[in-house]
Amino acid sequence: MFAVIDSGTTMTRIYIVDQNKNIAASGRTKVGVRDTSITGSRNKLRRGVEELFFRVLEEHKIADKDVEFAIASGMITSEVGLIEIPHLVAPAGLKQLTEGIEKVEDPAVLDIGRPIYFVRGVRNQYPEAKIQALRQVDFMRGEEVQCIGIMKSMKLAYPCNFVALSSHTKVMYINEKQEIAASSTTISGQLFEAICNSTNIGKSLVPVEGEEPGGYTEEELIETAASCVRHAGLARTMLMPRFMQVLMHTDGHEREVFMDAAIAADDLNAFRELREQGYRAEHYVLYGHESRCRMYEYMLKKEFGPQTAIDIIYEKEELDRLTVTGSIAVALEQIRKL
């Protein structure tokens, strides 16, 4: 058996995989590299990952000696993770990711008593790291194994776009050789969370007892939010749920849909930008929470035309499987050689 560690910005997930490559056990905890950024120390992240690992073993009655090694990916390899490992430069596919595996056995990095094989992230290729090239700059850590997982799980024609919808929105262009050629990222998920938790807009996005809906369809809310972003800008649109609550007849669900749609409408700039840079494909694979995937599906078809092909992955088991399948494809054969 072995472990797959997926540690991101806000969440860490661990899967125990058996000899048949099936998930035998799993667990998650709300700890990620954001904690390092906030505290200035890796200690909370390190302790969180270690505690989760041993808790999963204990809860599922898996003997410590039965887990031989761990494959780790995600923000755990960033400068605010547990060990900084340089990105691969796009285009990068399965071959490059496999060759880039980094073996670490230092308990000061992560003390789980077995070797850890870290998967490198991928960054865009750009002429020079100067501010004038900023729009061409992007990177990923964690999504690269999910991309491999999608490629292994689905029969697709390439080029194709994969879109991760989580703490970020990340649009990834996969070229004809099934390599990650470029990506474009926004901070969408964290932005929504920050608005909910750190501004007075948050109270307008939750249900209020006795409040009745205004009777708006989701299409009306989405179209209105997109229009407001287009003409008034995102910052002003972020205030509008307060107007909808205080001065109009709406309920918390309608205001939340409006806010989600406003952020999604702004995210469309990332989709447009990749296309403008020459990374064009008419097929999108969206993965994340179902309602969010459905909203982006609607908006992408409005933006790029009803002929746009879209697949959606939202079942929890399928999402978990992407990381595990990708990690196995990238690392397992290389580990056997090392």
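The values are calculated or read from the model by the stated rules, or taken from the named source; none is laboratory data. This structure is a prediction, so every number in the text was calculated from the model and none was measured. Here Cβ is always computed from backbone atoms with ideal geometry, including for glycine, and neighbour counts include all displayed protein chains. Ligands, DNA and RNA are excluded from the accessible area calculation, which covers all protein heavy atoms including side chains. Shrake-Rupley method; radii C 1.70, N 1.55, O 1.52, S 1.80 Å.
Scanning region 182-212 for residues that are touching a helix residue (DSSP H, G or I) at 6+ places or on another chain (Cβ under 8 Å), of a type in the set (Gly, Ala, Ser), touching a residue at least 24 places away in the same chain (Cβ under 8 Å) and not in a strand (DSSP E or B) gives 188, 204.
Does region 139-153 hold any residues that are in contact with a strand residue (DSSP E or B) (Cβ under 7 Å, 6 or more places away or on another chain) and not in a strand (DSSP E or B), and which are they? Result: 141, 142, 143, 144, 145, 146, 147, 150. Taking residue 260 as the residue in question, decide whether it is touching a residue at least 60 places away in the same chain (Cβ under 8 Å) and farther than 30 Å from residue 127 by Cβ. Yes, satisfied.
Specify which of the listed residues (333, 315, 303) is in contact with a helix residue (DSSP H, G or I) (Cβ under 9 Å, 6 or more places away or on another chain), within 20 Å of residue 180 (Cβ to Cβ) and either without any contact (Cβ under 8 Å) to a residue 12 or more places away in the chain or not basic (Lys, Arg) (or both).
One residue alone meets the criteria, 333.
Note on region 174-209: residues that are out of contact with any Leu (no Cβ under 8 Å at 6 or more places or on another chain) and on the phi > 0 side of the Ramachandran plot total 0. Listed here are the strands (runs of 3 or more DSSP E) enclosed by region 1-79 that have at least 2 residues being closer than 19 Å to residue 121 by Cα: 2-7, 12-17, 70-74.
Considering only residues in region 247-288 that are over 20 Å from residue 158 (Cβ atoms) and not in a helix (DSSP H, G or I), the one that is most open to solvent (accessible area, probe 1.4 Å) turns out to be 247.
Look at region 302-338 and say how many of its residues are open to solvent by 30 Å² or more (accessible area, probe 1.4 Å), in a helix (DSSP H, G or I) and in contact with a strand residue (DSSP E or B) (Cβ under 7 Å, 6 or more places away or on another chain). Qualifying residue count for the region: 1. Of all residue pairs spaced 6 or more apart or on separate chains, those with beta-carbon atoms under 7 Å, a first member in region 238-251 that is of a type in the set (D, E, K, R) and a second member that is surrounded by 20 or more Cβ atoms within 10 Å (Cβ to Cβ) are 242/204.
Determine, yes or no, whether residue 143 is open to solvent by 70 Å² or more (accessible area, probe 1.4 Å) and under 20 Å from residue 16 (Cα atoms). Let's see the steps before the verdict.
On the way: open to solvent by 70 Å² or more (accessible area, probe 1.4 Å): no; under 20 Å from residue 16 (Cα atoms): yes.
Judged against the criteria, residue 143 is not a match.
Filtered by the rule that a residue be of a type in the set (A, V, I, L, M), in a loop (DSSP other than H, G, I, E, B) and open to solvent by less than 10 Å² (accessible area, probe 1.4 Å), region 83-109 gives 85, 90. Annotation note: of 158, 117, the sole residue that is more than 18 Å from the chain's Cα centre (by Cα), closer than 26 Å to residue 105 by Cα and not in a helix (DSSP H, G or I) is 117.
If only residues of region 13-49 that are more than 22 Å from the chain's Cα centre (by Cα) and of a type outside the set (S, T, N, Q) are counted, the one that is surrounded by the most Cβ atoms within 10 Å (Cβ to Cβ) is 24.
Out of region 1-12, which residues are β-branched (Val, Ile, Thr) and open to solvent by 10 Å² or more (accessible area, probe 1.4 Å)? Selection gives 9, 10. In region 54-65, is there at least one residue being within 30 Å of residue 176 (Cβ to Cβ) and crowded, with 20+ Cβ neighbours inside 10 Å? No: region 54-65 contains no residue that is within 30 Å of residue 176 (Cβ to Cβ) and crowded, with 20+ Cβ neighbours inside 10 Å.
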